[in-house]
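The structure under discussion appears below in the form of structure tokens.
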Amino acid sequence: MKISVIMQVYLGHYPGARSNPRYKFVRAVNSFLLQKHPDKELVIVADGCEEAKLLYEHCFANFNNIKFAYVSRGDIPRMYDIQEGKKWFRGIPRQIGRTLASGDLITYMDSDDIMMPSRLSQLNVAWEGADSSKLWSYNTMVLQPKSDGFRLSSDKEIDLKLFGFPVDQKVYAGYMVPSGYMIASPPALAHRPNVKSVWKDTFDLLDSNGKKISGGSEDAAFVDGLQAESQGYKNDSPT
């Protein structure tokens with residue numbers, strides 16, 4: 001089974017932005033290249049980000065299993081921009097990534113993520129031979145470098161160097177949500193290419209004090225569409 005991984009990238013600053021975005025982008029792509037599953041592709045979609053384009057051209061343009069697209073944003077708000085009482089969320093670049101993906105299964109990662117080397121092979125096992133009624137799945141377990149607020153006594157500390165990552169960092173494998181709930185975050189999702197739900201830009205409507213009145217994020221809207229189409233399947237393995 002061919003698996004496509006879509007990565008939406010913006011390396012500039014925004015409220016709550018991650019540290020060291022360029023290093024983490026390269027680290028994320030390298031974690032894709034370290035995947036044990038052989039039939040794979042990465043689709044990088046730069047959301048108006050010239051830095052991502054330059055890094056791709058310098059580091060990864062020669063890999064035939066990595067595709068790249070640049071989306072010119074113009075005056076469209078960035079992720080988490082607040083304009084005229086609206087807090088914006090960007091989803092259209094992921095939808096563009098879907099049009100470029102050629103896999104039998106689509107999943108996602110953010111540009112500051114690390115994929116464990118077995119992630120795609122685990123997905124392949126979970127989906128191999130699945131009947132046509134199975135349209136999408138989600139993971140309730142993730143790796144979180146600073147997960148003290150979520151840690152349980154059963155969580156396992158993992159040294160990333162033991163998995164082939166050239167970083168001196170330890171993470172914890174553990175549940176971020178109680179049993180029976182799911183994560184709407186894109187890296188926790190996998191789906192067939194023909195699902196009807198689409199990625200789109202969304203926004204929260206804010207009151208004069210900046211508190212949310214209504215609305216929702218782009219990933220929550222996408223999952224709402226998936227849930228309206230069919231029931232999701234849970235995969236219980238840290239990836």
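The values are calculated or read from the model by the stated rules, or taken from the named source; none is laboratory data. Being a predicted model, the structure only gives us computed values, none of them experimental. When we count neighbours, we look across all protein chains shown, and the Cβ atoms used for this are built from the backbone with ideal geometry, even at glycine. Areas reflect the complete protein model, heavy atoms only, side chains present, ligands, DNA and RNA absent. Shrake-Rupley method; radii C 1.70, N 1.55, O 1.52, S 1.80 Å.
Per-residue Karplus couplings for region 29-37, computed as 6.51 cos²θ - 1.76 cosθ + 1.60 with θ equal to phi - 60°, are listed in order as 5, 4, 5, 5, 5, 7, 4, 6, 5 Hz, Gly and Pro entered as x. Counting every alpha-carbon pair across region 11-117, the share separated by more than 24 Å comes to 24%.
Note on Ser72: accessible area is roughly 100 Å² with a 1.4 Å probe, heavy atoms of protein only.
Using the Kirkwood radius over Cα pairs, work out the Stokes-Einstein diffusion coefficient for region 1-40 at 4 °C and 1.567 mPa s, in µm²/s as a whole number.
Stokes-Einstein gives a translational diffusion coefficient of 109 µm²/s.
For the listed peptides 110-119, 34-43, 127-136, a ranking on the average number of other beta carbons within 10 Å per residue, highest first, reads 110-119, 34-43, 127-136. In order along region 130-137, phi translates into HN-Hα couplings of 5, 6, 5, 6, 7, 9, 7, 9 Hz, rounded to whole numbers, per the Karplus curve 6.51 cos²θ - 1.76 cosθ + 1.60 with θ = phi - 60° and x for Gly and Pro. Taken over region 1-146, lysine pairs spaced eight or more positions apart, or on distinct chains, with alpha carbons under 22 Å apart number 14.
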